[in-house]
Amino acid sequence: VDGNLCFSLLKLLDCFLEPFAEKELRVIDDDRVKALPQLIEPWFIFSLVWSVGATCDTNGRELFNIWLRDKMKEETAALPFPAEGLVYDYRMVDDGSRKELTEDDEPPEDTSVIISWVRWTEGVLPPEIDLKQSYSSIFIQTLDTLRTDYVLTKLLTNQKQVVVIGPTGTGKSLNVKQKLLTGMPKKFMSAF
């Protein structure tokens with residue numbers, strides 16, 4: 001229902017905002033705070049794609065892609081998606097990274113964070129399969145597992161409830177199990 005779609009969007013958006021919440025012993029980077037105006041719009045768009053847009057089937061994704069791109073152009077979005085592919089093909093990089101400075105470099109005047117849309121598969125190494133492994137324990141990352149893994153991590157590490165939906169046989173259970181067993185910080189313990 002529409003209300004739940006809105007809650008899902010806000011839950012995911014809240015995950016991006018959590019590092020700015022005041023907590024004991026937390027130091028918030030001033031440059032990140034100054035960059036908030038640049039970050040809010042891409043965070044919202046990413047959250048929209050992976051909440052409301054995530055409910056679409058294949059044909060619906062094509063339509064959602066066209067609608068969102070048109071809406072972003074109409075509203076003059078600061079960070080449009082690359083022209084190739086669908087909006088679902090990209091993740092947002094907003095890690096606050098800046099050009100690495102050496103001791104001889106002058107600090108840059110522009111301290112804004114680097115924000116960009118990159119393909120989900122960019123930087124993913126080819127799988128290394130241990131020939132001694134049983135066939136059923138081999139896990140190969142796909143575009144869908146990369147996307148699910150990222151969103152799961154965002155939500156779970158921010159104590160948000162998660163429901164993974166999709167057609168039978170698409171690896172939802174395996175993906176969630178893999179994430180919980182090997183991909184979470186040490187403070188998390190899984191029970192099956």
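Tallying residues that are small (Gly, Ala, Ser) and outside any loop (DSSP other than H, G, I, E, B) within the stretch 127-152 yields 2.
Yes/no per residue for (1) modelled with pLDDT of 90 or more; (2) within 24 Å of VAL124 (Cβ to Cβ); (3) open to solvent by 40 Å² or more (accessible area, probe 1.4 Å); (4) outside any helix (DSSP H, G or I):
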{"residue": "LEU25", "(1), (2), (3), (4)": "no, no, yes, yes"}
{"residue": "ALA35", "(1), (2), (3), (4)": "no, no, no, no"}
{"residue": "LEU48", "(1), (2), (3), (4)": "yes, no, no, no"}
{"residue": "ILE66", "(1), (2), (3), (4)": "yes, no, yes, no"}
{"residue": "ARG91", "(1), (2), (3), (4)": "yes, yes, yes, yes"}
{"residue": "GLU106", "(1), (2), (3), (4)": "no, no, yes, yes"}
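Quick one: in the stretch 1-15, which of the residues that are in a helix (DSSP H, G or I) and open to solvent by 50 Å² or more (accessible area, probe 1.4 Å) is nearest to TRP50 (Cα to Cα)? So the residue we want is SER8.
Of the residues making up the stretch 68-84, those that are outside any helix (DSSP H, G or I) and surrounded by 12 or more Cβ atoms within 10 Å (Cβ to Cβ) are ALA77, ALA78, LEU79, PRO80, PHE81, PRO82. Scanning the stretch 117-139 for residues that are more than 16 Å from the chain's Cα centre (by Cα) and open to solvent by less than 70 Å² (accessible area, probe 1.4 Å) turns up SER134, SER137, ILE138, PHE139.
Can you pull out every residue in the stretch 50-62 that is over 19 Å from SER8 (Cα atoms) and surrounded by fewer than 12 Cβ atoms within 10 Å (Cβ to Cβ)? THR58, ASN59 - these are the residues of the stretch 50-62 that are over 19 Å from SER8 (Cα atoms) and surrounded by fewer than 12 Cβ atoms within 10 Å (Cβ to Cβ). When the criteria are applied in full, ASN175 fails the requirement of being touching a Cys at 6+ places or on another chain (Cβ under 8 Å) and either surrounded by 13 or more Cβ atoms within 10 Å (Cβ to Cβ) or of a type outside the set (A, V, I, L, M) (or both).
Just to be sure before I move on: is ILE165 farther than 20 Å from CYS15 by Cβ and either modelled with pLDDT under 90 or of a type in the set (A, V, I, L, M) (or both) in the structure I sent? Here the answer is no, as ILE165 does not meet what is asked.
Taking the numbered list (1) in contact with a helix residue (DSSP H, G or I) (Cβ under 7 Å, 6 or more places away or on another chain); (2) assigned to a helix (DSSP H, G or I); (3) basic (Lys, Arg) in turn, LYS160 passes all entries but (2). Only a single item in (1) open to solvent by 80 Å² or more (accessible area, probe 1.4 Å); (2) at pLDDT 85 or above is not met by THR148, and it is number (1).
The values are calculated or read from the model by the stated rules, or taken from the named source; none is laboratory data. For clarity, every value in this text was computed on a predicted model and none was experimentally measured. Positions of Cβ are backbone-derived with ideal geometry, glycine not excepted, and every protein chain shown enters the neighbour counts. Just so you know, the surface numbers come from the protein's heavy atoms only, side chains and all, with ligands and any DNA or RNA stripped out. Shrake-Rupley method; radii C 1.70, N 1.55, O 1.52, S 1.80 Å.
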